[in-house]
Each structure stands twice: as C-alpha cells, then as structure tokens.
Amino acid sequence: MEKFPKMAPLDICKVLRAISDDKALALFNIIALAESNDVIPIGKLKLTRKQYYSRISAMINAGLLARRNGRYFLTTYGKVVYEAHALIGKAQQDYWKLKAVDAIETSNSGLVPEERNKFINGLIVDKDLKRILLRCNGSNDNNQEIIALQESFTPAKYPLQNIDPQ
C-alpha cells in the first residue's frame with residue numbers, strides 16, 4: 001500500500017493562468033505577505049465574493065495555496081512560484097540595465113567574458129539577477145548544462161496540451 005496518493009502532474013499553464021490577471025496576482029501577493037492572523041481585504045481588491053473565491057479556487061487547484069484553520073497560505077510550491085515572481089519583478093525594475101547588457105553583447109566589438117562580467121558586476125546590484133547573468137556567459141560549462149536540460153526534456157515527461165494537430 002502506498003503512503004502517498006498519486007497526484008496529477010502540475011501544469012505550468014494552470015499555475016500561470018491562476019495568477020495571470022492583476023487582481024489574482026495582487027491576491028496572491030497579499031496572501032504571500034500576510035501574517036497568519038491577517039484578514040484579506042476583499043473590498044480593497046474590488047472583487048466580488050464570487051471573483052475572490054474563483055481566484056482562490058484556481059490557485060488551490062494550481063497547487064499554489066492551501067487552507068488551514070480557515071486561513072489561506074502559500075504551499076511550498078507556492079513559495080517557489082512567489083520567489084520566481086519576485087525575481088521577475090527585480091528584472092523588470094532593472095529592465096534598462098538589462099537592455100544595456102544586451103546592447104553591449106550584440107555590438108560588433110562585443111566583450112570578452114572577463115570584461116562582460118566586470119560590466120555586469122558594476123551595473124547590476126541585485127545578487128540574484130547578477131548570478132543569472134554571470135552564469136550565462138556562453139562558456140562550455142553552460143553549454144553542458146543546456147545539453148543536460150535538453151536531454152531531460154522529453155515529450156512524455158512534459159506533454160503538450162491543447163495543440164491543434166493541423
């Protein structure tokens with residue numbers, strides 16, 4: 001007898017759909033930042049009860065939220081998605097700096113990896129963004145990572161859904 005019941009695989013489209021509109025994302029952020037005894041202000045979000053519970057239900061079905069003692073909280077998976085969302089927000093704040101890195105990389109002169117890394121270290125403050133950008137320097141080590149990722153991606157493991165075969 002199995003200890004854990006089999007669960008359907010999580011669908012990234014379902015996750016993104018659950019937090020895709022502004023009010024759902026705001027609700028997700030409020031729940032992520034709320035203390036355990038905070039009340040979620042439905043009125044401030046300008047949501048009807050039906051809209052509120054529909055969004056909550058979508059986030060629960062996507063594996064982002066759970067309910068305990070009448071309160072909603074992020075699941076462990078929800079915490080990971082929240083941190084990824086926060087990282088995207090940091091990248092959005094540094095958008096023009098990232099565009100400057102792109103411009104330097106696509107220029108005819110280009111930069112050798114050491115100069116590129118020095119440029120990124122001087123321009124980008126956030127350590128997470130810096131780590132991503134410095135890791136993506138086109139070296140053979142990164143190419144090996146990319147090859148390993150491509151080999152791990154198989155259609156059976158990540159089935160495509162809702163695709164018209166025409």
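In the range 31-47, the qualifying residues are those that are modelled with pLDDT of 85 or more and either outside the structural domain of Gly63 (by TED's automatic domain parsing) or in a helix (DSSP H, G or I) (or both), and the one that is surrounded by the fewest Cβ atoms within 10 Å (Cβ to Cβ) is Leu33. Residues in the range 83-118 that are in a helix (DSSP H, G or I) and of a type in the set (Val, Ile, Thr) were compared, and the one that is nearest to Ile19 (Cα to Cα) is Ile88. Residues in the range 78-104 that are among the hydroxyl-bearing types (Ser, Thr, Tyr) and either loosely packed, with under 13 Cβ neighbours inside 10 Å or in the same structural domain as Leu27 (by TED's automatic domain parsing) (or both): Tyr95 alone.
Kindly provide the set of residues from the range 13-68 that are polar (S, T, N, Q) and touching a His at 6+ places or on another chain (Cβ under 9 Å), ordered by number.
Step one: list which residues in the range 13-68 are polar (S, T, N, Q), which gives 20, 29, 36-37, 48, 51, 54, 57, 61.
Within the range 13-68, just Asn29 meets the criteria.
The values are calculated or read from the model by the stated rules, or taken from the named source; none is laboratory data. Since the model is a prediction, treat every value here as computed from it, not as a measurement. Positions of Cβ are backbone-derived with ideal geometry, glycine not excepted, and every protein chain shown enters the neighbour counts.
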